[in-house]
Amino acid sequence: MKIRDITCYPVWGGHRNFLFVVVDGEDGLYGVGEAGLTGRELAVMGAIEHFKPLLIGQDAFRTEHLWQMLSRGGFFPHGKVLGSAIAAIDIALWDLKGKALGVPVYDLLGGRVRDKVVCYCHLAGGHTPGVETLVEDAKARAAEGWRFLRWGLPNEGDLLHPTRAIKQSIAQFEALRAAVGEEIELCFDAHTRLSPPEAITLCQEVQRFRPFFIEDPIRSESPQAFHLLRQKIDVPLAAGEQFSSKWEFRELIDHDLIDYARIDLCIAGGFTEARKIAGWCEGHYIDVAVHNPLGPVATAACLQFNLAIPNFAVQEQPRQPGTSLTDVVPNQPRWEDGYLLPPEGPGLGIAFDREAAAKHPFRLTELPHLHREDGSFTNW
């Protein structure tokens, strides 16, 4: 099947933009993917414009060959921008291939190894000080059936004060564990905001509350720094959502520096690259907890991936599917009692309404910026 066209659909979702990419094949078939790199969608769209002339007319089934060409064809190895563009195209190609063959993507990946995929949600007030809103929402989500809950290191408006944030986080851990009991898993996201000494202090203090994992305790630019964390702390660590390829995961995997790999299918090259990362992790007893703060196409892609990999832990799912962009993706994955269920249709198992997507035009926005007390910039 030849690739006829590739079209970007930047969509405003009410609180942020989503970037969907459609690859048109023959006989009216199409595949849809989604790009990551939130807040830099225009850069990803520019990369896709570079890729279009390379792809139109190519055999859509040659996903590995096309991935290699896009990743390595510009001489410079791909980074986050190109990785996100490649990911959206790759996901769309796998969707197209599944539709052409009449099978779900998970069958193309080797078939289902599980019957449902457990998820964690984002708690209201998840990066703010205080415990009342957090505890109230945690109880409500647990009552709905969520078995995993997530929140993160608090900031005070646009100010991050690490010492106060760590103290507030400890109080939140204590309140949440008391409120939801021992059977609910607690996932905490430091969001790359702490230095290694600060991260060590936090992890040592919250170990007694048995976190499922502490995510991104430090910045991701130097994976080598995780060696220090491993020497000083005993809580499970999760990282990788900012990585765009297996090569960026290499230090963390080869030296067993993490317990959970936060693969983002929409940044780390789509299915083609993510399955290689997952396989590498399996050899090190590292489980996969996909990063999925994106839209309904990403959710569908993560579900297909997680149904097929043996070393799956949990899928990020900020809220139940079917609560946003239901006109753009009308048949979103089904959620039941804390799990996503396998879709029934071929490919990703979803439809994409282009006319509806055009009714949610892109809005130029910027992610929040934080500073410390002296006015210096720090990670959000």
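Per-structure values
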{"read-out": "Where labels lie 7 Å past Cα in the beta-carbon direction, separation of residue 1 and residue 195 in nm", "value": "5.4"}
{"read-out": "Charge dipole magnitude, Cβ of K and R +1, D and E -1 - the stretch 1-127, Cα centre, debye nearest 20", "value": "320"}
{"read-out": "Net lengthening on full extension, residue 42/residue 374 (0.36 nm per residue, minus Cα-Cα)", "value": "116.3 nm"}
{"read-out": "Per DSSP, loop chymotrypsin sites (Phe, Trp or Tyr not before Pro) in the stretch 173-273 with at most 11 further Cβ within 10 Å", "value": "none"}
{"read-out": "Qualifying lysines (Cα of each under 28 Å from Cα of residue 2; at least 8 residues distant if same chain)", "value": "52, 80, 97, 99, 276"}
{"read-out": "HN-Hα J in Hz across the stretch 98-109 - Karplus 6.51, -1.76, 1.60, θ = phi - 60°, x for Gly and Pro", "value": "x, 5, 5, 8, x, 9, x, 4, 4, 5, 5, 8"}
{"read-out": "Projected label distance in nm at residue 59 and residue 133, using a 7 Å step from Cα toward the beta-carbon", "value": "5.4"}
{"read-out": "Helix-only mean residue ellipticity at 222 nm for the chain, each DSSP H run of n ≥ 4 adding -39500 (n - 2.57), per residue, nearest 500", "value": "-11500 deg cm²/dmol"}
{"read-out": "Cα-based helix-to-principal-axis angle, 132-144 vs the chain, degrees rounded to 10", "value": "50"}
{"read-out": "The chain, relative contact order [Cα under 8 Å, separation at least 6], %", "value": "21"}
{"read-out": "Rounded tilt (10° steps) of 296-308 against the dominant C-alpha axis of the chain", "value": "90"}
{"read-out": "Extension gain, residue 101 back to residue 156 (0.36 nm per residue minus Cα-Cα distance, nm)", "value": "14.6 nm"}
{"read-out": "Net charge dipole size for the chain [Lys, Arg +1 and Asp, Glu -1 on Cβ; Debye, nearest 20]", "value": "320"}
{"read-out": "Within-12-Å neighbourhood charge of residue 169 [Cβ basis; K, R +1; D, E -1]", "value": "-1"}
{"read-out": "Ranked by how many other beta carbons lie within 10 Å on average, peptides 319-326, 305-312 from highest", "value": "305-312, 319-326"}
{"read-out": "Selection from 32, 79, 22 lying farthest towards where the dipole of the stretch 22-95 points positive, charges on Cβ", "value": "79"}
{"read-out": "Under Karplus coefficients 6.51, -1.76 and 1.60, residue-wise ³J(HN,Hα) of the stretch 368-378 in Hz, glycine/proline x", "value": "x, 10, 10, 9, 9, 4, 8, x, 6, 6, 9"}
{"read-out": "Residue 115/residue 232 FRET efficiency (R0 45 Å; Cβ-Cβ; nearest 0.05)", "value": "0.70"}
{"read-out": "The chain: angle of helix 41-55 to the longest principal axis, Cα-based, in degrees nearest 10", "value": "30"}
{"read-out": "Summed residue charge, Cβ within 11 Å of residue 307's Cβ, Lys/Arg positive, Asp/Glu negative", "value": "+1"}
{"read-out": "Local electrostatic count at residue 124 - Lys and Arg +1, Asp and Glu -1, tallied over other residues with Cβ under 10 Å", "value": "-1"}
{"read-out": "Listed residues 60, 48, 92: farthest to the positive end of the dipole of the stretch 5-104 (Cβ charges)", "value": "48"}
{"read-out": "Percent of beta bridges antiparallel (DSSP, the chain, rounded to nearest 5)", "value": "50"}
{"read-out": "Label-to-label distance, nm, for residues given as residue 178 and residue 50 (7 Å Cα→Cβ offset)", "value": "5.4"}
{"read-out": "Residues of type lysines that residue 139 reaches as a straight line, Cα spacing below 29 Å, ignoring anything fewer than 8 places off in the same chain", "value": "116, 167"}
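Every number here is computed from the coordinates shown, using simple stated rules; none is lab data. All values reported here derive from a predicted model rather than from experimental measurement. With ideal geometry, Cβ positions are generated from the backbone for all residues, glycine too; neighbour counts draw on all protein chains shown.
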